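Q: So that we are looking at the same thing, I have put the structure below in C-alpha coordinates.
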Amino acid sequence: MTRSQAPAIRTDDPPAGSSCQTDKLPLAGLLTLAGAAFMTLMTEIMPAGLLSSMAKGLSISESLTGQFITAFACGALIAAIPVTALTQGVRRRPLMLAAIAGFAVVNLITALSTNYVISLMARFAAGVFGGVVWSLLAGYAVRMTPTHLGGRAIAISGAGAAVALVLGVPASTLLGRIIGWQGAFGIMSATAVLLIVCGLAVLPDFPGQKKGERPSLVTIVLTAGIGPALLVVFTFVAAHSILYVYIEPFLGSVAPSRDAGTALLIFGLGSFVSLWCVGATVDRWLRPLIAASVAIFAFAALLLGICSAMPAIIYPAVFAWGLAFGGFATLTQTILARFAGNTVDVALSMNTTVWNCAVAAAGAAGGILLDEIGPTSFPWVIIAMLAVSFGVVVLGVNKVLARDACSN
(Lines give C-alpha, C1' and ligand atoms only; values in the text may rest on other atoms or scores of the structure.)
Protein backbone atom coordinates (compact mmCIF):
# COMPACT_ATOMS: atom_id res chain seq x y z
CA MET A 1 0.00 0.00 0.00
CA THR A 2 1.49 3.35 -1.01
CA ARG A 3 1.00 6.50 1.00
CA SER A 4 -1.48 7.82 -1.53
CA GLN A 5 -3.57 4.69 -0.98
CA ALA A 6 -3.49 4.86 2.82
CA PRO A 7 -6.84 5.97 4.19
CA ALA A 8 -7.18 8.88 6.55
CA ILE A 9 -7.35 8.06 10.23
CA ARG A 10 -10.77 6.73 11.00
CA THR A 11 -13.04 9.07 12.90
CA ASP A 12 -16.41 7.53 12.13
CA ASP A 13 -18.85 6.34 14.75
CA PRO A 14 -17.89 8.65 17.63
CA PRO A 15 -20.43 9.25 20.33
CA ALA A 16 -22.82 12.10 19.69
CA GLY A 17 -21.41 15.39 20.86
CA SER A 18 -17.84 14.09 21.11
CA SER A 19 -15.00 16.58 21.00
CA CYS A 20 -13.85 15.45 17.57
CA GLN A 21 -16.92 17.23 16.12
CA THR A 22 -15.68 20.66 17.22
CA ASP A 23 -12.74 22.79 16.17
CA LYS A 24 -11.19 22.82 19.65
CA LEU A 25 -8.72 20.58 21.43
CA PRO A 26 -10.53 18.07 23.67
CA LEU A 27 -8.37 18.91 26.66
CA ALA A 28 -10.12 16.68 29.19
CA GLY A 29 -9.63 13.61 27.03
CA LEU A 30 -6.07 14.54 26.07
CA LEU A 31 -5.12 15.12 29.71
CA THR A 32 -6.55 11.71 30.58
CA LEU A 33 -4.31 10.21 27.90
CA ALA A 34 -1.39 12.22 29.33
CA GLY A 35 -2.20 10.70 32.71
CA ALA A 36 -2.08 7.23 31.15
CA ALA A 37 1.34 8.04 29.63
CA PHE A 38 2.57 9.28 33.01
CA MET A 39 1.32 6.20 34.85
CA THR A 40 2.82 3.85 32.24
CA LEU A 41 6.29 5.37 32.28
CA MET A 42 6.27 5.80 36.06
CA THR A 43 5.46 2.11 36.43
CA GLU A 44 8.36 1.26 34.13
CA ILE A 45 11.06 3.36 35.82
CA MET A 46 9.98 3.29 39.48
CA PRO A 47 12.28 0.38 40.44
CA ALA A 48 15.26 2.60 39.58
CA GLY A 49 14.31 4.94 42.42
CA LEU A 50 13.34 2.12 44.80
CA LEU A 51 16.23 -0.24 44.07
CA SER A 52 17.69 -0.68 47.54
CA SER A 53 14.36 -0.77 49.40
CA MET A 54 12.88 -3.32 47.00
CA ALA A 55 16.00 -5.45 47.23
CA LYS A 56 15.81 -5.41 51.01
CA GLY A 57 12.08 -6.05 51.09
CA LEU A 58 12.28 -9.03 48.73
CA SER A 59 15.60 -10.30 50.17
CA ILE A 60 17.34 -10.18 46.80
CA SER A 61 20.35 -8.38 45.38
CA GLU A 62 20.09 -4.97 43.74
CA SER A 63 21.18 -6.50 40.44
CA LEU A 64 18.18 -8.86 40.55
CA THR A 65 15.93 -5.93 41.47
CA GLY A 66 17.20 -4.12 38.39
CA GLN A 67 15.72 -6.91 36.28
CA PHE A 68 12.25 -5.55 37.10
CA ILE A 69 12.97 -2.78 34.56
CA THR A 70 14.30 -5.34 32.08
CA ALA A 71 11.18 -7.49 32.50
CA PHE A 72 8.92 -4.50 31.76
CA ALA A 73 10.93 -3.62 28.65
CA CYS A 74 10.83 -7.23 27.44
CA GLY A 75 7.04 -7.35 27.87
CA ALA A 76 6.61 -4.17 25.82
CA LEU A 77 9.16 -5.27 23.22
CA ILE A 78 7.73 -8.74 22.66
CA ALA A 79 4.03 -7.98 22.87
CA ALA A 80 3.56 -4.53 21.32
CA ILE A 81 3.23 -5.56 17.66
CA PRO A 82 1.37 -8.90 17.97
CA VAL A 83 -1.06 -7.71 20.65
CA THR A 84 -1.83 -4.52 18.72
CA ALA A 85 -2.28 -6.47 15.49
CA LEU A 86 -4.61 -8.96 17.18
CA THR A 87 -6.75 -6.22 18.73
CA GLN A 88 -7.23 -4.06 15.63
CA GLY A 89 -10.91 -4.97 15.55
CA VAL A 90 -11.56 -4.03 19.19
CA ARG A 91 -13.20 -0.70 19.94
CA ARG A 92 -10.63 1.82 21.12
CA ARG A 93 -11.99 2.98 24.49
CA PRO A 94 -12.60 -0.51 25.95
CA LEU A 95 -9.13 -1.55 24.80
CA MET A 96 -7.43 1.48 26.32
CA LEU A 97 -9.32 1.13 29.60
CA ALA A 98 -8.58 -2.60 29.71
CA ALA A 99 -4.86 -1.88 29.39
CA ILE A 100 -5.07 0.73 32.17
CA ALA A 101 -7.01 -1.76 34.32
CA GLY A 102 -4.17 -4.19 33.72
CA PHE A 103 -1.82 -1.70 35.34
CA ALA A 104 -4.12 -1.44 38.35
CA VAL A 105 -3.88 -5.22 38.81
CA VAL A 106 -0.15 -5.75 38.18
CA ASN A 107 0.92 -2.77 40.29
CA LEU A 108 -1.24 -4.08 43.13
CA ILE A 109 0.38 -7.52 42.76
CA THR A 110 3.81 -5.87 42.84
CA ALA A 111 2.84 -3.97 45.98
CA LEU A 112 1.58 -7.09 47.78
CA SER A 113 3.93 -9.80 46.52
CA THR A 114 6.89 -11.02 48.57
CA ASN A 115 7.92 -13.56 45.92
CA TYR A 116 10.54 -12.50 43.39
CA VAL A 117 9.28 -14.70 40.55
CA ILE A 118 5.67 -13.52 40.94
CA SER A 119 6.86 -9.91 41.06
CA LEU A 120 8.96 -10.45 37.92
CA MET A 121 5.98 -11.96 36.09
CA ALA A 122 3.85 -9.00 37.15
CA ARG A 123 6.46 -6.63 35.73
CA PHE A 124 6.51 -8.53 32.43
CA ALA A 125 2.70 -8.29 32.27
CA ALA A 126 2.99 -4.56 33.03
CA GLY A 127 5.25 -4.26 29.99
CA VAL A 128 2.62 -5.97 27.82
CA PHE A 129 -0.02 -3.50 28.98
CA GLY A 130 2.48 -0.68 28.48
CA GLY A 131 3.03 -1.77 24.89
CA VAL A 132 -0.72 -1.54 24.28
CA VAL A 133 -0.99 1.92 25.85
CA TRP A 134 1.97 3.31 23.89
CA SER A 135 0.58 1.85 20.67
CA LEU A 136 -2.87 3.39 21.20
CA LEU A 137 -1.89 6.75 22.67
CA ALA A 138 -1.00 8.92 19.68
CA GLY A 139 -3.62 7.40 17.39
CA TYR A 140 -6.31 7.97 20.02
CA ALA A 141 -5.24 11.59 20.44
CA VAL A 142 -5.41 12.18 16.68
CA ARG A 143 -8.80 10.48 16.28
CA MET A 144 -10.46 12.68 18.91
CA THR A 145 -8.97 15.93 17.57
CA PRO A 146 -9.54 18.10 14.46
CA THR A 147 -7.13 17.04 11.72
CA HIS A 148 -5.15 20.29 11.65
CA LEU A 149 -4.45 20.03 15.40
CA GLY A 150 -3.28 16.40 15.43
CA GLY A 151 0.36 17.12 16.20
CA ARG A 152 -0.54 19.37 19.11
CA ALA A 153 -2.85 16.68 20.46
CA ILE A 154 -0.04 14.12 20.33
CA ALA A 155 2.22 16.53 22.24
CA ILE A 156 -0.37 17.01 25.00
CA SER A 157 -1.10 13.30 25.31
CA GLY A 158 2.62 12.58 25.55
CA ALA A 159 3.35 15.32 28.08
CA GLY A 160 2.74 12.91 30.95
CA ALA A 161 5.66 10.80 29.77
CA ALA A 162 7.91 13.87 29.78
CA VAL A 163 6.91 14.63 33.36
CA ALA A 164 7.58 11.03 34.39
CA LEU A 165 10.93 11.04 32.58
CA VAL A 166 12.14 14.05 34.57
CA LEU A 167 10.46 13.44 37.93
CA GLY A 168 9.96 9.68 37.95
CA VAL A 169 13.11 8.47 39.70
CA PRO A 170 13.34 11.23 42.34
CA ALA A 171 9.57 11.09 42.95
CA SER A 172 9.60 7.32 43.42
CA THR A 173 12.59 7.61 45.76
CA LEU A 174 10.72 10.20 47.83
CA LEU A 175 7.57 8.07 47.91
CA GLY A 176 9.64 5.08 48.97
CA ARG A 177 11.03 7.02 51.92
CA ILE A 178 7.61 8.28 53.01
CA ILE A 179 5.32 5.28 52.49
CA GLY A 180 7.65 2.45 51.43
CA TRP A 181 8.09 0.83 48.03
CA GLN A 182 4.86 -1.18 48.40
CA GLY A 183 2.96 2.04 49.03
CA ALA A 184 4.53 3.63 45.95
CA PHE A 185 3.27 0.83 43.72
CA GLY A 186 -0.07 0.97 45.53
CA ILE A 187 -0.39 4.62 44.54
CA MET A 188 0.26 3.68 40.90
CA SER A 189 -2.51 1.08 41.15
CA ALA A 190 -4.89 3.70 42.58
CA THR A 191 -3.85 6.12 39.83
CA ALA A 192 -4.86 3.55 37.23
CA VAL A 193 -8.30 3.20 38.84
CA LEU A 194 -8.73 6.98 38.79
CA LEU A 195 -7.75 7.07 35.10
CA ILE A 196 -10.39 4.44 34.33
CA VAL A 197 -13.04 6.65 35.93
CA CYS A 198 -11.81 9.68 33.99
CA GLY A 199 -11.66 7.67 30.77
CA LEU A 200 -15.24 6.50 31.12
CA ALA A 201 -16.30 10.12 31.63
CA VAL A 202 -14.34 11.99 28.95
CA LEU A 203 -12.82 9.63 26.36
CA PRO A 204 -14.87 9.20 23.18
CA ASP A 205 -15.08 5.72 21.71
CA PHE A 206 -14.03 4.70 18.20
CA PRO A 207 -14.47 1.47 16.26
CA GLY A 208 -11.63 -0.89 15.45
CA GLN A 209 -10.90 -1.91 11.89
CA LYS A 210 -13.03 -4.47 10.13
CA LYS A 211 -11.19 -7.64 9.21
CA GLY A 212 -11.14 -6.91 5.50
CA GLU A 213 -9.60 -3.48 6.11
CA ARG A 214 -6.52 -4.70 8.00
CA PRO A 215 -3.34 -4.76 5.90
CA SER A 216 -0.51 -7.12 6.77
CA LEU A 217 2.45 -6.00 8.86
CA VAL A 218 4.68 -6.19 5.79
CA THR A 219 2.31 -3.94 3.87
CA ILE A 220 2.36 -1.38 6.68
CA VAL A 221 6.17 -1.36 6.86
CA LEU A 222 6.33 -0.89 3.07
CA THR A 223 3.92 2.07 3.17
CA ALA A 224 5.86 5.06 1.88
CA GLY A 225 7.79 6.79 4.65
CA ILE A 226 7.15 4.36 7.51
CA GLY A 227 10.37 2.36 7.11
CA PRO A 228 12.56 5.48 6.97
CA ALA A 229 10.72 7.00 9.94
CA LEU A 230 11.35 3.87 12.02
CA LEU A 231 15.02 3.94 11.02
CA VAL A 232 15.24 7.54 12.25
CA VAL A 233 13.66 6.46 15.54
CA PHE A 234 16.17 3.62 15.97
CA THR A 235 19.31 5.63 15.24
CA PHE A 236 18.24 8.71 17.20
CA VAL A 237 17.02 6.81 20.28
CA ALA A 238 20.08 4.55 20.30
CA ALA A 239 22.34 7.62 20.16
CA HIS A 240 20.37 9.26 22.98
CA SER A 241 20.38 6.13 25.13
CA ILE A 242 24.14 5.61 24.95
CA LEU A 243 24.60 9.02 26.53
CA TYR A 244 21.62 8.85 28.90
CA VAL A 245 22.44 5.42 30.34
CA TYR A 246 26.15 6.11 30.72
CA ILE A 247 26.04 9.81 31.58
CA GLU A 248 27.70 9.27 34.98
CA PRO A 249 30.90 7.60 33.70
CA PHE A 250 31.02 10.05 30.80
CA LEU A 251 30.94 13.09 33.07
CA GLY A 252 33.33 11.41 35.47
CA SER A 253 35.81 11.05 32.63
CA VAL A 254 35.57 14.49 31.00
CA ALA A 255 34.59 16.74 33.92
CA PRO A 256 34.57 15.15 37.39
CA SER A 257 33.38 18.44 38.90
CA ARG A 258 30.08 18.19 37.01
CA ASP A 259 27.27 16.24 38.71
CA ALA A 260 25.21 13.69 36.75
CA GLY A 261 22.05 14.50 38.73
CA THR A 262 22.33 18.19 37.89
CA ALA A 263 23.04 17.36 34.26
CA LEU A 264 19.92 15.20 34.00
CA LEU A 265 17.82 17.92 35.63
CA ILE A 266 19.09 20.40 33.03
CA PHE A 267 18.37 17.82 30.34
CA GLY A 268 14.82 17.53 31.68
CA LEU A 269 14.32 21.28 31.61
CA GLY A 270 15.48 21.38 28.00
CA SER A 271 13.05 18.54 27.22
CA PHE A 272 10.13 20.46 28.73
CA VAL A 273 10.97 23.56 26.68
CA SER A 274 11.27 21.42 23.55
CA LEU A 275 7.98 19.63 24.14
CA TRP A 276 6.15 22.94 24.59
CA CYS A 277 7.71 24.48 21.48
CA VAL A 278 7.11 21.39 19.35
CA GLY A 279 3.54 21.05 20.59
CA ALA A 280 2.81 24.64 19.59
CA THR A 281 4.33 24.39 16.09
CA VAL A 282 4.37 20.75 14.96
CA ASP A 283 1.27 20.99 12.77
CA ARG A 284 2.82 23.84 10.76
CA TRP A 285 6.55 23.07 10.75
CA LEU A 286 6.84 19.30 10.94
CA ARG A 287 9.54 18.91 8.30
CA PRO A 288 11.98 21.57 9.58
CA LEU A 289 11.38 20.51 13.19
CA ILE A 290 12.39 16.87 12.70
CA ALA A 291 15.54 17.93 10.82
CA ALA A 292 16.34 20.53 13.49
CA SER A 293 15.89 17.95 16.26
CA VAL A 294 18.56 15.70 14.77
CA ALA A 295 20.88 18.61 13.95
CA ILE A 296 20.64 20.13 17.46
CA PHE A 297 21.45 16.76 19.03
CA ALA A 298 24.49 16.41 16.76
CA PHE A 299 25.63 19.91 17.75
CA ALA A 300 25.18 19.06 21.43
CA ALA A 301 27.22 15.88 20.94
CA LEU A 302 29.96 17.92 19.27
CA LEU A 303 30.07 20.26 22.27
CA LEU A 304 30.27 17.27 24.61
CA GLY A 305 33.09 15.88 22.48
CA ILE A 306 35.24 18.92 23.16
CA CYS A 307 34.02 19.67 26.68
CA SER A 308 37.04 18.10 28.41
CA ALA A 309 38.97 21.18 27.32
CA MET A 310 36.09 23.52 28.25
CA PRO A 311 34.03 22.08 31.14
CA ALA A 312 31.87 25.22 31.24
CA ILE A 313 30.06 24.15 28.06
CA ILE A 314 28.84 20.84 29.50
CA TYR A 315 25.58 22.09 31.00
CA PRO A 316 24.65 24.21 27.94
CA ALA A 317 25.38 21.16 25.77
CA VAL A 318 23.17 18.99 27.96
CA PHE A 319 20.38 21.59 27.74
CA ALA A 320 20.68 21.51 23.92
CA TRP A 321 20.50 17.71 24.07
CA GLY A 322 17.23 18.06 26.01
CA LEU A 323 15.93 20.51 23.40
CA ALA A 324 16.64 17.94 20.71
CA PHE A 325 15.08 15.02 22.56
CA GLY A 326 12.02 16.49 24.29
CA GLY A 327 9.84 16.86 21.20
CA PHE A 328 11.29 13.96 19.23
CA ALA A 329 8.62 11.42 20.18
CA THR A 330 5.85 13.88 19.28
CA LEU A 331 7.46 14.56 15.90
CA THR A 332 7.97 10.92 14.96
CA GLN A 333 4.53 9.85 16.18
CA THR A 334 2.96 12.66 14.16
CA ILE A 335 4.92 11.55 11.10
CA LEU A 336 3.89 7.92 11.54
CA ALA A 337 0.25 8.97 12.06
CA ARG A 338 0.30 10.87 8.77
CA PHE A 339 1.94 8.02 6.87
CA ALA A 340 -0.07 5.16 8.36
CA GLY A 341 -3.65 6.42 8.09
CA ASN A 342 -6.05 3.86 9.56
CA THR A 343 -3.16 1.56 10.50
CA VAL A 344 -1.69 4.11 12.89
CA ASP A 345 -2.02 1.88 15.96
CA VAL A 346 -0.01 -0.94 14.38
CA ALA A 347 2.56 1.53 13.05
CA LEU A 348 2.94 2.96 16.54
CA SER A 349 3.31 -0.53 18.00
CA MET A 350 6.23 -0.93 15.60
CA ASN A 351 7.52 2.38 16.90
CA THR A 352 7.32 1.01 20.47
CA THR A 353 9.25 -2.10 19.47
CA VAL A 354 11.90 -0.18 17.54
CA TRP A 355 12.29 2.29 20.43
CA ASN A 356 12.86 -0.51 22.95
CA CYS A 357 15.23 -2.32 20.58
CA ALA A 358 17.24 0.89 20.27
CA VAL A 359 17.45 1.23 24.07
CA ALA A 360 18.58 -2.38 24.43
CA ALA A 361 21.13 -2.06 21.61
CA ALA A 362 22.47 1.17 23.09
CA GLY A 363 22.91 -0.44 26.49
CA ALA A 364 25.03 -3.21 24.97
CA ALA A 365 26.95 -0.95 22.56
CA GLY A 366 27.59 1.67 25.23
CA GLY A 367 28.95 -0.99 27.58
CA ILE A 368 31.36 -2.22 24.91
CA LEU A 369 32.50 1.32 24.13
CA LEU A 370 32.93 2.06 27.82
CA ASP A 371 35.10 -1.01 28.40
CA GLU A 372 37.08 -1.10 25.15
CA ILE A 373 37.59 2.56 24.18
CA GLY A 374 36.35 4.70 27.04
CA PRO A 375 33.46 7.13 27.56
CA THR A 376 35.15 9.92 25.61
CA SER A 377 34.23 7.95 22.47
CA PHE A 378 30.50 8.44 23.10
CA PRO A 379 30.04 11.86 21.42
CA TRP A 380 31.80 10.81 18.22
CA VAL A 381 29.85 7.56 17.90
CA ILE A 382 26.66 9.52 18.55
CA ILE A 383 27.51 12.03 15.82
CA ALA A 384 28.07 9.18 13.35
CA MET A 385 24.69 7.66 14.23
CA LEU A 386 22.97 11.03 13.92
CA ALA A 387 24.52 11.53 10.50
CA VAL A 388 22.55 8.47 9.42
CA SER A 389 19.42 9.89 11.09
CA PHE A 390 19.80 13.23 9.31
CA GLY A 391 20.39 11.63 5.94
CA VAL A 392 17.26 9.49 6.28
CA VAL A 393 15.22 12.52 7.40
CA VAL A 394 16.30 14.63 4.43
CA LEU A 395 16.31 11.94 1.74
CA GLY A 396 13.44 9.80 3.00
CA VAL A 397 11.01 11.13 5.58
CA ASN A 398 10.81 14.77 4.53
CA LYS A 399 10.60 13.89 0.84
CA VAL A 400 7.49 11.82 1.49
CA LEU A 401 6.01 14.54 3.71
CA ALA A 402 6.65 17.14 1.01
CA ARG A 403 5.11 14.93 -1.67
CA ASP A 404 2.02 14.35 0.44
CA ALA A 405 1.72 18.09 1.14
CA CYS A 406 1.80 18.82 -2.58
CA SER A 407 -0.76 16.11 -3.36
CA ASN A 408 -3.13 17.55 -0.75
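The values are calculated or read from the model by the stated rules, or taken from the named source; none is laboratory data. Please read these numbers as outputs of a predicted model, since none were measured by experiment. Here Cβ is always computed from backbone atoms with ideal geometry, including for glycine, and neighbour counts include all displayed protein chains. Quick note on the areas: whole protein, heavy atoms, side chains included, nothing else; ligands and nucleic acids left out. Shrake-Rupley method; radii C 1.70, N 1.55, O 1.52, S 1.80 Å.
Q: Quickly run through segment 186-223 and pick out the residues that are open to solvent by 20 Å² or more (accessible area, probe 1.4 Å), of a type outside the set (D, E, K, R) and either in contact with a His (Cβ under 9 Å, 6 or more places away or on another chain) or over 17 Å from Ala85 (Cβ atoms) (or both).
A: The answer is Gly186, Ile187, Ala190, Thr191, Val193, Leu194, Ile196, Val197, Cys198, Leu200, Ala201, Val202.
Q: For segment 38-88, give me the residue count where each residue is in a loop (DSSP other than H, G, I, E, B) and not hydrophobic (A, V, I, L, M, F, W, C).
A: Within segment 38-88, residues that are in a loop (DSSP other than H, G, I, E, B) and not hydrophobic (A, V, I, L, M, F, W, C) number 4.
Q: Please verify whether Ala324 is at pLDDT 90 or above and closer than 26 Å to Arg152 by Cβ, treating the condition exactly as stated.
A: Values: at pLDDT 90 or above: yes; closer than 26 Å to Arg152 by Cβ: yes.
Here the answer is yes, as Ala324 does meet what is asked.
Q: Suppose we filter Ala309, Ala364, Ala298 for residues that are touching a residue at least 12 places away in the same chain (Cβ under 8 Å) and either of a type outside the set (Val, Ile, Thr) or in contact with a helix residue (DSSP H, G or I) (Cβ under 6 Å, 6 or more places away or on another chain) (or both); which single one remains?
A: Details: Ala309 fails: touching a residue at least 12 places away in the same chain (Cβ under 8 Å); Ala364 fails: touching a residue at least 12 places away in the same chain (Cβ under 8 Å).
Sole residue among the options that is touching a residue at least 12 places away in the same chain (Cβ under 8 Å) and either of a type outside the set (Val, Ile, Thr) or in contact with a helix residue (DSSP H, G or I) (Cβ under 6 Å, 6 or more places away or on another chain) (or both): Ala298.
Q: A further question on this structure: For Gly57, which of the numbered conditions (1) closer than 18 Å to Gly168 by Cα; (2) modelled with pLDDT of 85 or more fails to hold?
A: (1)
Q: Which number in (1) at pLDDT 90 or above; (2) more than 27 Å from Ala73 (Cβ to Cβ); (3) surrounded by fewer than 24 Cβ atoms within 10 Å (Cβ to Cβ) marks the one condition that Lys24 misses?
A: It fails just one condition, (1).
Q: Every residue in segment 224-240 that is more than 15 Å from Ala340 (Cβ to Cβ) and either in contact with a Gly (Cβ under 6 Å, 6 or more places away or on another chain) or open to solvent by 10 Å² or more (accessible area, probe 1.4 Å) (or both), please.
A: Leu231, Phe234, Thr235, His240
Q: Please indicate, with yes or no, whether at least one residue in segment 140-156 is farther than 22 Å from Phe185 by Cβ, among the charged types (D, E, K, R) and out of contact with any Asp or Glu (no Cβ under 7 Å at 6 or more places or on another chain). Before the answer, list the steps.
A: At the first step, the residues of segment 140-156 found to be farther than 22 Å from Phe185 by Cβ are 140-156.
If we keep only those that are among the charged types (D, E, K, R) as well, we get 143, 152.
Filter again for out of contact with any Asp or Glu (no Cβ under 7 Å at 6 or more places or on another chain), leaving 143.
Taking every residue of segment 140-156 in turn, at least one turns out to be farther than 22 Å from Phe185 by Cβ, among the charged types (D, E, K, R) and out of contact with any Asp or Glu (no Cβ under 7 Å at 6 or more places or on another chain).
Q: Something else about it: Can you say whether Ser216 is free of Cβ contacts under 8 Å to residues at least 12 places away in the same chain, over 29 Å from Thr32 (Cα atoms), among the polar types (S, T, N, Q) and out of contact with any Asp or Glu (no Cβ under 6 Å at 6 or more places or on another chain), as far as the supplied structure shows? Steps first, answer last, please.
A: Working: free of Cβ contacts under 8 Å to residues at least 12 places away in the same chain: yes; over 29 Å from Thr32 (Cα atoms): yes; among the polar types (S, T, N, Q): yes; out of contact with any Asp or Glu (no Cβ under 6 Å at 6 or more places or on another chain): yes.
Yes.
Q: Which residue out of Leu112, Leu31, Leu51, Leu108 is open to solvent by 40 Å² or more (accessible area, probe 1.4 Å), of a type in the set (A, V, I, L, M, F, W, C) and touching an Asp or Glu at 6+ places or on another chain (Cβ under 7 Å)?
A: Details: Leu112 fails: touching an Asp or Glu at 6+ places or on another chain (Cβ under 7 Å); Leu31 fails: touching an Asp or Glu at 6+ places or on another chain (Cβ under 7 Å); Leu108 fails: touching an Asp or Glu at 6+ places or on another chain (Cβ under 7 Å).
Within the list Leu112, Leu31, Leu51, Leu108, the selection yields Leu51.
Q: Can I ask one more? From the set of residues in segment 135-152 that are at pLDDT below 90 and of a type in the set (Gly, Ala, Ser), which is farthest from the chain's Cα centre (by Cα)?
A: Among residues in segment 135-152 that are at pLDDT below 90 and of a type in the set (Gly, Ala, Ser), the one farthest from the chain's Cα centre (by Cα) is Gly150.
Q: Within segment 264-299, can you find the residues that are within 21 Å of Met385 (Cβ to Cβ), modelled with pLDDT under 95 and polar (S, T, N, Q)?
A: Ser271, Ser274
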